[in-house]
Amino acid sequence: KSWSDDAAVNALWTKLCANKGSDVSTVQQSFVQHVQSTLARTYFNIDNFAGYQAAAHSLITHWDETQQHHTKLDVKRVYYLSLEFLMGRSLGNAVLNMGLQGTFSEALKQLGFSLEDVIDEERDAALGNGGLGRLAACFMDSLATLDYPAWGYGLRYTYGIFQQKILNGYQVEVPDYWLSFGNPWEVERLDVSYSVRFYGQVAKGKDASGKSSYSWHGGEEVEAVAYDVPIPGFGTKSTINIRLWSSKPLRSCYFDLHSFNEGNYQKSVELQQRAEQITSVLYPNDNTMAGKELRLKQQYFFVSATLQDIIRRFKKSKRAWSEFPNQVAIQLNDTHPTLGIPELMRILVDLEGLEWDESWDIVTKVYSFTNHTVLPEAMEKWPVSMISNLLPRHMQIIYDINLFFLQKVEALFPGDRARLARMSIIEESPYQQVRMAFLAVIGSHTVNGVAAIHSNLIKSTIFSDFVEFYGASKFQNKTNGITPRRWLHQANPKLSALISEKLGGQGWLTQLDKLEGLIKFADDENFQKAWMDVKKQNKIRLAELIRDTCKVIINPEAMYDVQVKRIHEYKRQFMNILSVVHRYLDLKRMSPAEIKETVPRVVIFGGKAAPGYYIAKMVIKLINSVAEVVFIPDYNISNAEVIIPASDISEHISTAGTEASGTSNMKFVLNGGLIIGTMDGANIEIAEEIGQDKMFIFGCLAEQVDDARHNQKYRKTSMNPDLEGVLDALKAGRFGDFENFAPLVDTLTIGGDYYLISHDFASCTYAAYRDKKQWARNSIISAAKMGKFSSDRSIRELDLPSHDPDARQSRPAVWPLPVD
Ligand code: GPV
C-alpha cells in the first residue's frame, strides 16, 4: 500500500521519520543502534573500522528522499551517463555537506572515537582512472548542491583502478579489493533489475500494417542489478542518487543443473562466472582505448540497463513518446556510453513501433555529448565485425543512421566523395570500424569541449566537417570545474576556516566568486602570515604521509614542487624529471657559496601508468632512479587531498594542444599553490583570471606545434644543449643502468620527439621562491580569483533541466520512504 493512501499510516510514518534529529544524542542513539543491530557487535569489541561503519549507517538514516519531491513536482530529469565515477571517500564529505561536522565529532568523541581516525578507515571508491572520472564526481556534488533533479548512472566494478606499489623502482599493480569489507554507502536494489542481451540473431518480419519489423533474439542474457549511492548536496536537503549496475546471471540460469547432476561442477558455474565477469573490473586506460570485447560488453550492458530504467520511470507518467524529450535529458560523458544512441533507436523503432524519423527526432533531442580529448589514440573505434557479432541489430541501426546522415551531407555537398568518406561513421581502411565520436556528434543536439582552447580545437580538427554541416552553434564550450566543497573545505580545513573568518561566513562555498573578497587582504602582513602558516602546516601533514609511505624525511622549509596525475607521454613527466637532473648537474658544478644561495626544493611525483603502457612505466622507473626525488605510490583521491593543499608549485606541462582541460591545476591554485605550466587546456583560462604574471608559463604555443614537430622530425632543429648534457649523464650510468631507459630516451631521438621535450626544455626550469612576501601575495590573489572554476558554474552552463528554485522552500521537513 502506498504511503499516501491512508492518512493514519502516513501520520505514523511522518512521526517516526521525524525522529531523525541531528543533535549529539540522536546521532549517538543511531550510532549505537547500528553497532548493535547492523553490525551485531557490542561496545566491548568495537574498533575504529566498526566505528566508521556505524557512523556511515547513521548518516544514511539521515538521508532524505529527494526523488519523491522531484516526482511530485513532475520535473524533467537529467541523467549523467559515465563509465567512471572517481568518488574517493564519502564519510568526511557527507558530514560536511550535511552540516553535521560539529555534531558528529562531538558525538563520536564522547563515545571514545575521533572522527578523523574513523574517517581514515574508509577505502577509496576508485571507479575511475583520472580527470574524466573525477569530473563526474565533482559534477554530482554540484548537481546535488544546486538542487538539480539529476541522476548519475554508472557501473559497480568489483575492482576499481588497481592499487600501485613500487618495487625496486618499478610499478607493480595490485587488485583493488575495495568491496571486500562491505560498502555501507550503497543500497542494493534487488527489486530494480533488468535483463541485457548479447550476440544472437536478428529476424526480419512484417508488422500488422505490412511494414518491415526487426526482432533481436537468441544469444545470451544477463541480469543488471541496481546499487544506489546517495550524494548529499552541500547546505541543502537535496540528496541525489548514483545508480551503479552490477552484472549477475539471469535468475533462471544461476547454474546449470544438468552439468551439476552429471558431476561437472566446473561447468555448472561457468555461466554464472561469465555473467559476473562483465562488471568485475574497470579498464585501467586513461586517454587510450584498449579495444577488448569485454569493454564493449560493459558499454552495452551499461546503456541497456540505464535506458530500461529511465524508460520505466518515464512510462509511470503515462505520457506520449513525443513528450520523452520534455522529461529526459541525457549527457554522455565522452563516447563510452554512445551505444545509448542506437539502443534508444532500437527500443523506439523495434519495441515501441515508432517510425524511424519520429524516433530519430526524439533521440537527438535527448542526447548531448561531452568530448574530453583530441588525442588520436583515445578516439574510440570498434571493429564492425565485433559489433555485428555482439550486437547485430545495433550494427544494422548504425548503418542506417549513417546512410540517412550521409544522404543529407550529399544533398548539401553534391558529389564530394572525399567529404563523405571523411564524415562517415564507418571508417573503411585499414578495416571497417565504427567511429564512436561521429556517432555521438550525429546523435546529439549539442557537443561540448571542456576548456576554451579544447572546444576551439575540436571545431577546427576532428569535427571540422561537422561544423560546416551543422553550423557552429551545435559545438559549445563548457570549461571544467571542481567542487570547492571537497577540494578546499574538506581537503584543506585550516585554509577554509581562515577564509570563512576573513569573509565573515561560508557563503563562498556555494558562490565561489566571493573569494574575491580576499584580494583586499593580499598585502596585509598578518593575513599573509596566517595564509603561509596554513601552507606550512599542510606541508608538515604531507611530510608525515611521505615519511609513512616512502620512508623518506623531507624538509617542510623547502619548496614543494609537485606533479601528480596519470603518467602519460603527453603530460611530460619525462621532461620534468630530465629538468630535475639538469638542476642537479648544475648544483654539482656550483661552489658551496653558490649552493647556499639556491632555494632547497623537494620534487614530488605521483601517478599511475596504464599496465600495458611500456614507455610510461619506464618513466616511473627513471623518476625512482633519480635521487632527491620523492615518488608517492598509489596516487588516488585521498592522497590528493593531502598532497594538493601542501604544494608550493605544481607542474601542468603538457605539450600545447594535448591536455583538453586539466582539473588539478584548478585545485592547486584554489589551495594557494602557484603553477608552472604551458599554454594548454584550462591553464590558459586560469592565466586569464589571475594574470599571467602570477604563473610560470613556458613552452610552445598550440598554433606552433605543427611546425615545431615538423622541424624536429626532419632534424631541422638540433637538440637543446642542456638536454644533451642530461642525456649524457643518463648514458654514463649516473642513475643506474642506461639500458633501463634506452627506449625512453629513443623517443627523443629516433622517435622524433613528438611531444617536443627538446623544444620546450630551454624555458622550463626555474621558479623563484626567494621573495616570500611576493609569493604570499601572488598565492592569495590567485586563489581569490578562482571563482570561475567552481563546478557549480560548469553545471549551470551545461544548460541541464533545473526546476523552479521556489520548489526548494516548499519542500516538507520530512519525507516518506522512497518508492522509486
Ligand atoms: I578521453 N580525460 C581523462 O581523464 N580520461 C580519458 O580517458 C579522457 C580524458 C581527461 C582529460 O585528459 C583532461 O584534460 C580533462 O580535464 C578531463 O578528462 C575532464 O574533462
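Determine whether T66 is more than 16 Å from the ligand (Cβ to nearest atom) and more than 26 Å from the chain's Cα centre (by Cα). Explain how you work it out, then say what you get.
Values: more than 16 Å from the ligand (Cβ to nearest atom): yes; more than 26 Å from the chain's Cα centre (by Cα): no.
It is false that T66 is more than 16 Å from the ligand (Cβ to nearest atom) and more than 26 Å from the chain's Cα centre (by Cα).
Looking across S496, S473, S464, one residue alone is more than 21 Å from the chain's Cα centre (by Cα), hydroxyl-bearing (S, T, Y) and under 30 Å from A530 (Cα atoms). It is S496. Among the residues of segment 34-62, what is the count of those that are more than 18 Å from W185 (Cβ to Cβ) and in a helix (DSSP H, G or I)? Qualifying residue count, segment 34-62: 5. Has segment 767-777 got any residue that is without any contact (Cβ under 8 Å) to a residue 60 or more places away in the chain, among the hydrophobic types (A, V, I, L, M, F, W, C) and surrounded by fewer than 16 Cβ atoms within 10 Å (Cβ to Cβ)? There is no residue in segment 767-777 that is without any contact (Cβ under 8 Å) to a residue 60 or more places away in the chain, among the hydrophobic types (A, V, I, L, M, F, W, C) and surrounded by fewer than 16 Cβ atoms within 10 Å (Cβ to Cβ). Filtering segment 379-421 to residues that are of a type in the set (F, W, Y) and touching a Gly at 6+ places or on another chain (Cβ under 9 Å) leaves only W382. Checked against (1) surrounded by fewer than 22 Cβ atoms within 10 Å (Cβ to Cβ); (2) away from the ligand (no atom under 15 Å from the Cβ), V603 passes all but a single condition, namely (1). Can you confirm whether segment 679-692 contains a residue that is over 27 Å from the mean Cα position of the chain (by Cα) and surrounded by fewer than 22 Cβ atoms within 10 Å (Cβ to Cβ)? There is at least one residue in segment 679-692 that is over 27 Å from the mean Cα position of the chain (by Cα) and surrounded by fewer than 22 Cβ atoms within 10 Å (Cβ to Cβ). Does N636 satisfy being free of Cβ contacts under 8 Å to residues at least 24 places away in the same chain and either within 16 Å of the ligand (Cβ to nearest atom) or among the β-branched types (V, I, T) (or both)? Criteria not met by N636. Highlighted here would be strands (runs of 3 or more DSSP E) found entirely within segment 136-204 that include at least 3 residues which are within 19 Å of the chain's Cα centre (by Cα), of a type in the set (V, I, T) and at negative phi, but there are none.
For D771, the criteria (1) closer than 30 Å to P484 by Cβ; (2) at pLDDT 95 or above hold in every case but one, which is (2).
Kindly indicate whether Q298 is more than 15 Å from R156 (Cβ to Cβ) and either away from the ligand (no atom under 16 Å from the Cβ) or assigned to a helix (DSSP H, G or I) (or both). For Q298, the condition - more than 15 Å from R156 (Cβ to Cβ) and either away from the ligand (no atom under 16 Å from the Cβ) or assigned to a helix (DSSP H, G or I) (or both) - is not met. Given (1) over 15 Å from G673 (Cα atoms); (2) within 16 Å of the ligand (Cβ to nearest atom); (3) not in a helix (DSSP H, G or I), where does Q563 come up short, assuming only one miss? All conditions are met except number (1). Within segment 105-122, the set of residues being free of Cβ contacts under 8 Å to residues at least 40 places away in the same chain and either among the small types (G, A, S) or within 16 Å of the ligand (Cβ to nearest atom) (or both) comprises S105, G112, S114. The single condition from (1) within 16 Å of the ligand (Cβ to nearest atom); (2) in the same structural domain as V303 (by TED's automatic domain parsing) that T483 fails is (2). Candidates in segment 136-172 are the residues that are touching a Ser or Thr at 6+ places or on another chain (Cβ under 7 Å) and among the charged types (D, E, K, R); of these, the one that is nearest to the ligand (Cβ to nearest atom) is D141.
With respect to G102, determine if the residue is in a helix (DSSP H, G or I), in contact (Cβ under 8 Å) with a residue 12 or more places away in the chain and not acidic (D, E).
Working: in a helix (DSSP H, G or I): yes; in contact (Cβ under 8 Å) with a residue 12 or more places away in the chain: no; not acidic (D, E): yes.
Answer is no for this residue.
Hey, which of the helices (runs of 4 or more DSSP H) in segment 661-717, taking only ones fully inside, have at least 2 residues that are modelled with pLDDT under 95 and more than 20 Å from A646 (Cβ to Cβ)?
On the way: elements: 664-670, 683-690, 705-713.
Correct list: 705-713.
With the requirement that a residue be of a type in the set (S, T, Y) and over 28 Å from D799 (Cα atoms), what does segment 364-411 give you? Within segment 364-411, S385, S388, Y399 qualify. Against the test of being more than 29 Å from the chain's Cα centre (by Cα) and not hydrophobic (A, V, I, L, M, F, W, C), the options K529, K539, K535 yield a single qualifying residue, K529.
S317: more than 20 Å from the chain's Cα centre (by Cα) and within 13 Å of L391 (Cα to Cα), yes or no? When the stated conditions are applied, S317 does not pass them. Selection of first residues in segment 282-295 that are hydroxyl-bearing (S, T, Y) and of second residues that are assigned to a loop (DSSP other than H, G, I, E, B), restricted to Cβ pairs under 8 Å at least 6 apart or on distinct chains, gives the following pairs, ordered by first then second residue: Y283/A290; Y283/K292; T288/L375; T288/A610; T288/Y613. For segment 633-660, the tally of residues that are in a loop (DSSP other than H, G, I, E, B) and on the phi < 0 side of the Ramachandran plot stands at 12.
Considering K551, K571, which residue is closer than 30 Å to Y755 by Cβ and either outside the structural domain of A646 (by TED's automatic domain parsing) or of a type in the set (D, E, K, R) (or both)?
Details: K551 fails: closer than 30 Å to Y755 by Cβ.
The conditions single out K571.
Scanning segment 123-135 for residues that are surrounded by fewer than 24 Cβ atoms within 10 Å (Cβ to Cβ) and either away from the ligand (no atom under 16 Å from the Cβ) or at pLDDT below 95 (or both) yields R123, D124. Of the set (1) surrounded by 19 or more Cβ atoms within 10 Å (Cβ to Cβ); (2) over 18 Å from H217 (Cα atoms), all apply to R313 but (1). So for segment 82-98 (the condition being at positive phi and within 16 Å of the ligand (Cβ to nearest atom)), does at least one residue qualify? The answer is yes; a qualifying residue exists.
The values are calculated or read from the model by the stated rules, or taken from the named source; none is laboratory data. All values derive from a computational prediction rather than experimental measurement. A quick note on method: Cβ atoms are made from the backbone with ideal geometry, for glycine too, and the neighbour counts reach across all protein chains shown.
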